[in-house]
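Heads up: the structure comes next, in structure tokens.
Every number here is computed from the coordinates shown, using simple stated rules; none is lab data. If you're wondering where the values come from, they're calculated on a predicted model, not measured in any experiment. Here the Cβ is made from the backbone with ideal geometry for all residues, glycine too, and neighbour counts use every protein chain on show.
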Amino acid sequence: MNLNELIGDLYNSGREKITDDVFNQMIISLNLKPTYNILLDNFGDVVINEEWSSLANRTIKANRIYKFDPSVVDMIQVSDRKSVLTDVLDTYVNNEDYEMASIIRDIITNL
């Protein structure tokens with residue numbers, strides 16, 4: 001998929017949700033790099049906001065926002081996984097959710 005096809009797929013019918021496969025193709029083809037924001041919503045759930053941007057062009061950006069669950073650990077880039085999970089762990093500890101904190105601690109230990 002080239003850039004024109006990707007842009008056409010994303011914007012021809014307006015801004016809509018895209019599949020993980022298309023998103024992953026986009027970040028690879030545009031050489032986007034992530035930053036991660038770890039948030040706590042009003043229900044006590046941890047939400048990860050991935051902000052992807054290009055080092056070559058500051059106008060190219062993409063976001064992926066999802067509720068954290070141990071099953072989504074593979075969505076986090078391997079090179080960033082330990083630091084992101086450490087931030088998630090800190091968020092759970094600060095929110096006194098020790099059950100989830102112990103699960104995240106075990107995942108970090110097994111990395």
### Query
Looking at the stretch 41-51, is at least one residue surrounded by 16 or more Cβ atoms within 10 Å (Cβ to Cβ) and of a type in the set (Phe, Trp, Tyr)?
no
### Query
Does Asn37 satisfy the criteria of being closer than 24 Å to Phe23 by Cα, free of Cβ contacts under 8 Å to residues at least 24 places away in the same chain and polar (S, T, N, Q)?
yes
### Query
If you scan the stretch 56-86, which residues turn out to be over 18 Å from Asn24 (Cβ atoms) and out of contact with any strand residue (DSSP E or B) (no Cβ under 6 Å at 6 or more places or on another chain)?
Ala56, Asn57, Arg58, Thr59, Asp69, Pro70, Lys82, Ser83, Leu85, Thr86
### Task
Give the residues of the stretch 19-38 that are outside any helix (DSSP H, G or I), aliphatic (A, V, I, L, M) and under 15 Å from Ala56 (Cα atoms), sorted by residue number.
Leu30, Leu32
### Message
Looking at the stretch 78-105 only, could you name the residues that are surrounded by 14 or more Cβ atoms within 10 Å (Cβ to Cβ) and not in a helix (DSSP H, G or I)?
### Response
Asn95, Asp97
### Query
In the stretch 52-68, how many residues are outside any strand (DSSP E or B) and either surrounded by fewer than 12 Cβ atoms within 10 Å (Cβ to Cβ) or aliphatic (A, V, I, L, M) (or both)?
6
